[in-house]
Every structure is written in structure tokens, then in C-alpha cells.
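First the structure, in the form of C-alpha cells, and then the observations on it.
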Amino acid sequence: MDRALLLQAQRRLTASFAPEDDDGRVLDRTERGAIAIFGEVTGTRSFDLARRKWDAVARPLTKERHRREAAACLRAAG
């Protein structure tokens, strides 16, 4: 993947890691990032809706994969 596209995607995803107006502030950054990635993959732009889908239908292996992706994004962005 083109490095510029990867950085752009990371910036877009990290903007979803800490939305100011949600009630999920108890989640850590990796978990928020995993939910944000899940939302991007499923086409769900609302963090709250993505979180509800995450809790209701996401499989454990999917959750773990997105957590690893989120952790990698955070390391790269940090």
C-alpha cells in the first residue's frame, strides 16, 4: 500500500479513537481504535452504532484482529 494512503487512513482512524461526544469514554485507545476500524470495515460511520454492532455481532477473532490493527496504528501514529 502507498505510504501516503496508509498515513491518511491512520489519521482518519485515530480521529475516531477519542470522540468527544460519546458515552464510551471508559474504553482505552486500542479498544476505541478497534471499534473504529470495525466501523470502517462495516461501513458504519457512527461510533455509537459501530460500538453496538461490535458488542452484538462481532466475532471474537474479528475483535482480536481489529485490536491488533488498532495497536499497530497507534504505534505508527505515535
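The values are calculated or read from the model by the stated rules, or taken from the named source; none is laboratory data. Everything quoted here is computed from the prediction, not taken from an experiment. Just so you know, the surface numbers come from the protein's heavy atoms only, side chains and all, with ligands and any DNA or RNA stripped out. Shrake-Rupley method; radii C 1.70, N 1.55, O 1.52, S 1.80 Å.
Accessible area per residue was computed with a 1.4 Å probe on protein heavy atoms; LEU7 scores about 50 Å². On full extension, the segment bounded by LYS63 and VAL41 gains 6.7 nm, given 0.36 nm per residue less the C-alpha separation.
Computed with a 1.4 Å probe on the full set of protein chains, the accessible area for PHE47 sits at about 30 Å².
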